[in-house]
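Colleague: Below are the structure tokens for one structure; questions will follow.
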Amino acid sequence: MITSADIGKPVVDDVGRVGVLVDVIADYEDPSMPTSERRKRPTAFIRPERGGREWLASPVEVNRV
């Protein structure tokens, strides 16, 4: 599991994708979900090492490299 202390460091998720931790938000609500289905949950924002699209993951599914 990662924390905000790991921001800027390389991480790997449970799927095996490696990236750099950009942020951890404890109470993130996905704005793409309808308002009635939104719920707050911890979320890690990860940027791929070699560029590309950022992805989201649960902090418990992400570990330091």
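Colleague: Solvent-accessible area per residue for the chain at a 1.4 Å probe radius, Å²?
Modeller: Values: 4500 Å² over 65 residues.
For the chain, the solvent-accessible area averages 69 Å² per residue.
Colleague: I would also like to ask the following. Tell me the carbon and sulfur percent of the accessible area for the chain, rounded to whole percent, probe radius 1.4 Å. Spell out each step's value before the answer.
Modeller: On the way: 2240 of 4500 Å².
On the chain, the fraction of accessible area on carbon and sulfur atoms equals 50 percent.
Colleague: Order these peptides, 25-34, 41-50, 56-65, by their mean beta-carbon neighbour count within 10 angstrom, highest first. List each step's numbers first, then the result.
Modeller: Values: 25-34: 10.4, 41-50: 16.0, 56-65: 14.4.
Descending packing order for the listed peptides: 41-50, 56-65, 25-34.
Colleague: Averaging over all projection directions, find the projected area of the Cα convex hull of the chain and quote it in nm² with one decimal place.
Modeller: On the way: hull surface 17.5 nm².
About 4.4 nm², averaged over all directions.
The values are calculated or read from the model by the stated rules, or taken from the named source; none is laboratory data. Keep in mind that what you see is a predicted model, and the values were worked out from it rather than measured. Quick reminder, even Gly has a Cβ in these numbers, built from the backbone with ideal geometry, and neighbours come from all protein chains shown. Just the protein is used for accessible areas: all its heavy atoms, side chains included, with ligands, DNA and RNA removed. Shrake-Rupley method; radii C 1.70, N 1.55, O 1.52, S 1.80 Å.
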